[in-house]
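In what follows, a structure is listed as structure tokens, so that the remarks can point back to it.
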Amino acid sequence: MAAFDPDKEIPRHIAIIMDGNGRWARERGLPRREGHRTGAESVEIALETCGEIGVDYLTIYAFSSENWKRPEAEVKALMGLLAHFLKEKTSSLIKNNIRLRVIGQIDKLPKSNQKELEKSIEATAGNDGLTLVVALSYGSREEIVEATRSLMKKAQDGELDPGNLDEATFAAQLNTAAYPDPDLLIRTSGEFRVSNFLLWQISYSEIFITKTLWPDFRRDNLLEAAGEYQKRQRRFGGV
Ligand code: FPP
């Protein structure tokens, strides 16, 4: 296990695919929503740990655009958990200088969730510590198509010369325009997939996959991932 060293490079942006909540619940003979509920505790611990080691951005995949296909009761439970998190935790986000942001098709969420999100985003807007980016109804392909659509519109309107389109102009159209690319992508539950998460943004991210299921992913697991990151040599395609 790679030991984390606070004096070595700290990943500035960590992105997490939080997977395995269902399996965690099944192993215990519990309903899936219990896996998600315990997973929400892991989110709090990840936030605390990122704050402690000095990470600037934490992006979590809380609900994908494909997750709408899950049974209605599970979708409801996940939206309920989000509402609960926002109601109960916004004051501690403020206290801990955490800024909340979201990416994804937020207008697809229930109106009550949208309102709670707006309130928490506004209440934490002035914070300048860790930024927590929650991906909700998020799909990377959709995001890329949407960015392409708006660039095509600009070209049609004569505001953009297609010959001048470059990576920076494209990235500026993505939901993540305000954030640096993730340095470290963590996926729990041992699956080797990126599942439509930040496809553009993770081009040069270091990837850490652990068998640990998300509800079991706690402080030591995050430190292990950060320690593993510190062992990697990032070359960004160079030598
Ligand atoms: C994947 O596990 C996890 C999700 C689809 C939801 C993740 C959401 C949370 C942890 C809720 C908390 C979020 C906030 C912001 C309060 P899975 O259900 O696909 O697990 P499985 O692959 O084992 O079935």
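What follows draws every value from the coordinates through simple rules; no lab data is involved. Since the structure is predicted, the reported quantities are computational estimates derived from the model, not experimental observations. Don't worry about glycine lacking a Cβ; one is built from the backbone with ideal geometry, like all the others, and counts go over all protein chains shown.
For the stretch 1-46: of the residues being within 10 Å of the ligand (Cβ to nearest atom) and assigned to a strand (DSSP E or B), which is farthest from ARG99 (Cα to Cα)? Taking the candidates together, the pick is ILE17.
Restricting attention to the stretch 141-164 and to residues that are without any contact (Cβ under 8 Å) to a residue 24 or more places away in the chain and among the aliphatic types (A, V, I, L, M), the residue that is surrounded by the most Cβ atoms within 10 Å (Cβ to Cβ) turns out to be LEU151.
All conditions in (1) more than 18 Å from the chain's Cα centre (by Cα); (2) outside any helix (DSSP H, G or I) hold for VAL133, with the sole exception of (1).
Taking SER189 as the residue in question, decide whether it is of a type in the set (Ser, Thr, Tyr) and on the phi < 0 side of the Ramachandran plot. The answer is no for SER189. For MET79, only one of the following conditions fails: (1) part of a helix (DSSP H, G or I); (2) near the ligand (Cβ under 9 Å from one of its atoms). What is its number? Exception for MET79: condition (2).
Suppose we keep only residues that are within 22 Å of ARG33 (Cα to Cα) and out of contact with any helix residue (DSSP H, G or I) (no Cβ under 9 Å at 6 or more places or on another chain) within the stretch 82-132. Which one would you say is surrounded by the most Cβ atoms within 10 Å (Cβ to Cβ)? Among those residues, the one meeting the criterion is GLU88.
Kindly check whether there is at least one residue in the stretch 89-107 that is out of contact with any Leu (no Cβ under 8 Å at 6 or more places or on another chain) and under 18 Å from MET18 (Cβ atoms). Taking every residue of the stretch 89-107 in turn, at least one turns out to be out of contact with any Leu (no Cβ under 8 Å at 6 or more places or on another chain) and under 18 Å from MET18 (Cβ atoms).
Out of GLU88, GLU74, one residue alone is within 25 Å of ASN127 (Cα to Cα), in a helix (DSSP H, G or I) and not small (Gly, Ala, Ser). It is GLU88.
Residues in the stretch 194-211 that are in a loop (DSSP other than H, G, I, E, B) and surrounded by 21 or more Cβ atoms within 10 Å (Cβ to Cβ): PHE197, LEU198, GLN201, SER205. Here is the figure for the stretch 175-193: residues that are within 16 Å of the ligand (Cβ to nearest atom) and buried (at least 17 other Cβ atoms within 10 Å of the Cβ) total 5.
In this structure, GLU167 does not satisfy being buried (at least 18 other Cβ atoms within 10 Å of the Cβ) and of a type in the set (Asp, Glu). Given the criteria small (Gly, Ala, Ser) and touching a residue at least 12 places away in the same chain (Cβ under 8 Å), does GLY29 qualify? Considered against the rule, which asks whether it is small (Gly, Ala, Ser) and touching a residue at least 12 places away in the same chain (Cβ under 8 Å), GLY29 comes out as no.
Of all residues in the stretch 47-58, those satisfying the criterion of being surrounded by 19 or more Cβ atoms within 10 Å (Cβ to Cβ) and outside any loop (DSSP other than H, G, I, E, B) are LEU47, THR49, CYS50, TYR57, LEU58.
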